[in-house]
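This is the structure I want to talk about, given as structure tokens.
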Amino acid sequence: AAILAVADQASRADLKEPLKLAISYDEEVGCVGIRHMLPALKSAIGQPRAAFVGEPTEMQVAVGHKGKAALRAVCIGEAGHSALAPTFVNALHLAADFTQGLRALQADLAANGARDAAYDIPYSTVHLGLLQGGRALNIVPDRAELTFEYRHLAADPAEMIEARVRAAAEAAAAPFRTQFPGARIEVEQYNAYPGLDAAADSPIAVLAQKLAQTNETTKVAFGTEAGYFE
């Protein structure tokens, strides 16, 4: 509503250059809409000199945020009666060992990965949000599913972190194959968006500082569509 109100004002003003608005959808669930819009933007509005993404920064000029990927891991074991539990590979055991692998990856990124003191959490992060598995107490579960994410600094490439995630999945599953050759963990990335890492002295940052009447810049913990525009 605020953007449309300003657009109405701009339509009656003597502008030195055009003001162009790109209004997307489903930003909150992983910047879905902008990926559909981007291929059409250049032909629709041309190449802009600058892009401002509206977010709640209290008028601070934010020049950076981490990139993010959301992933799903399906752990495959074998079903059986719980009275004979040790003779079957429990999918929740695979999930537990993979969870430990993700925690070890997080610890290593915190200790040895890239750092950027401008962020509240100055390193790349790995977060497990959902773990589901099992149907009944007396059945050894043959399937468990984890939903997790990583948010990465520009200096920690997404490809590197994802490769380490997949290596952790294989390391967790491999020991179980001596008992059940079909034991495995299938990792799928279902959403991702790029980070933003604009220089604090770049022309766009200087322009934003002038408009916001500040000499400071900041970086934010949440993700935005700015990485796509960059």
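The values are calculated or read from the model by the stated rules, or taken from the named source; none is laboratory data. Model, not experiment: these values are computed from the prediction. Cβ placement follows ideal geometry from the backbone for every residue including glycine, while neighbour counts extend to all protein chains displayed. Just so you know, the surface numbers come from the protein's heavy atoms only, side chains and all, with ligands and any DNA or RNA stripped out. Shrake-Rupley method; radii C 1.70, N 1.55, O 1.52, S 1.80 Å.
Which percent of the accessible heavy-atom area of the chain goes to carbon and sulfur, probe 1.4 angstrom?
56
Rounded to the nearest 5, what is the percent of antiparallel bridges among the DSSP beta bridges in the chain?
95
Now a separate question. Label point 7 Å out from Ala79 along Cα-to-Cβ: which residues of the stretch 129-152 have amide N under 19 Å?
Counting backbone N atoms under 19 Å from the label point, the list is 132-146.
How large is the Kirkwood hydrodynamic radius of the stretch 54-185, in angstrom, based on all distinct alpha carbon pairs?
16.4
May I ask for the equivalent-ellipsoid semi-axes of the stretch 1-83, computed as the square root of five times each C-alpha gyration tensor eigenvalue and listed largest first in whole Å?
Those come to 43, 16, 13 Å.
Then there is this: Which ³J(HN,Hα) values in Hz, rounded to whole numbers, follow from the phi angles of the stretch 94-111 under the Karplus curve 6.51 cos²θ - 1.76 cosθ + 1.60, where θ = phi - 60° and Gly and Pro get x?
Computed from phi, the couplings for the stretch 94-111 are 4, 4, 5, 5, 5, 4, 4, x, 5, 5, 5, 4, 4, 4, 5, 4, 5, 8 Hz.
For the pair Arg115/Ala136, report the inter-label distance in nm, with labels modelled 7 Å from Cα in the Cβ direction.
A separation of 5.4 nm, rounded to one decimal place.
If you take every residue apart from Tyr25 with its C-beta less than 14 Å away from the C-beta of Tyr25, what net charge results, scoring Lys and Arg +1 and Asp and Glu -1?
-3
Separate question: Can you give me the C-alpha center-to-center distance between the stretch 177-230 and the stretch 100-114, rounded to a whole angstrom?
19
Could you give the accessible area per residue of the stretch 114-202, probe 1.4 Å, as a whole number in Å²?
55
Largest first and to the nearest Å, give the Cα extent of the chain along each principal axis.
80, 34, 28
Same structure again: If all Cα-Cα distances of the stretch 118-230 are sorted into 5 Å bins from 0 onward, what percent lands in each bin, rounded to whole numbers?
2, 8, 14, 17, 15, 11, 9, 7, 6, 4, 3, 2, 1, 0
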